[in-house]
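Undergrad: Below is one structure. I have some questions about it.
Quick note: the coordinates plus some simple rules give every number you see, no bench work behind them. Keep in mind it's a predicted model, so treat the numbers as computed, not measured. Positions of Cβ are backbone-derived with ideal geometry, glycine not excepted, and every protein chain shown enters the neighbour counts.
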Amino acid sequence: MAHTTQLSTQDLSKYFSNINEVSRLDTFADLVVTGVFPNIKEFCEASGMFKAYHNYVHRPTQKYPPYAKSIYVVGDGQSPRCGVMFAFRTKDINIYSIDPEMKDKYLNWTTDDGVPVSEWLGTPVFDYEIKCRVRRLRCYKQKIEDFGAEFGTQVLCPIIVGCHCHVNLEKMLKCHLLNGVAETYAILMPCCISLINNDQKKHIIAEYHDQGIPSAHNKVYILRWE
Ligand SMILES: C[S@@+](CC[C@H](N)C(=O)[O-])C[C@H]1O[C@@H](n2cnc3c(N)ncnc32)[C@H](O)[C@@H]1O
């Protein structure tokens, strides 16, 4: 006889927490329209990474104002999923989405009618504020080891985001932009390769399984260097 398990309301609210949160956003429809999320799982993963940022990194007590931060999404995939999620849900912060497999169309991202994202002007779908948010996102078809682009203000507080990326933290930290800066954070969710070595473990400030991410690889680590 088939065995079925009845999920409690509490379980259900845990499992659906990330998608519930993102679907409540005013910008949810616009996030869908960007077309970068192929399925709900990807929404949950990107939203879970943003939640980690919001809970552990985006603190009002921090030394630095928001504009001193930059977010580097390493191994974001063929489309900038975490990049878009962070761009829509932050203000003032420049965001870099870096992956050697990034599709060319995101390097000079245009709307369906060929208008560069940087020139979107209050279309019925993307209002002015949203245009400005995506304008703070730049996509790079590069390995993090080769990455050297910079725009915006001087980086004082880089935040590395690695969602199921296939590149370890040691390589990420060797990127010259991230060397010698005042305060660095990393938000990592490893999948098939281990991202954090023994030396780096002392920088972990939080680790937990995010049950709102429907994947066997849902353990999130937050690290900080002062
Ligand atoms: C399993 S995919 C994850 C993609 C996306 N983050 C996701 O969660 O769907 C791993 C990604 O890591 C990228 N990657 C591998 N080596 C890299 C490197 N040295 N620098 C940046 N990205 C890298 C790959 O190109 C690939 O897109």
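Undergrad: Each label point is 7 Å from the Cα along the Cα-to-Cβ direction; what then is the distance between the points at E207 and K174, in nm?
TA: So the two model labels end up 2.3 nm from each other.
Undergrad: Hey, with R₀ at 22 Å, roughly what FRET efficiency would H54 and V32 work out to, going by the Cβ-Cβ distance, to 0.05?
TA: Numbers: r = 21 Å, r/R0 = 0.94.
In this case the efficiency is close to 0.60.
Undergrad: Structure shown: which of K51/K201; K91/K201; K141/K171; K14/K141; K141/K202; K14/K171 lie over 25 Å apart, alpha-carbon to alpha-carbon?
TA: The answer is K91/K201; K14/K141; K141/K202; K14/K171.
Undergrad: Once you put a point 7 Å from the Cα of N20 and another 7 Å from the Cα of Q142, both along the Cβ direction, what distance in nm separates them?
TA: For the pair N20/Q142, the computed spacing is 4.1 nm.
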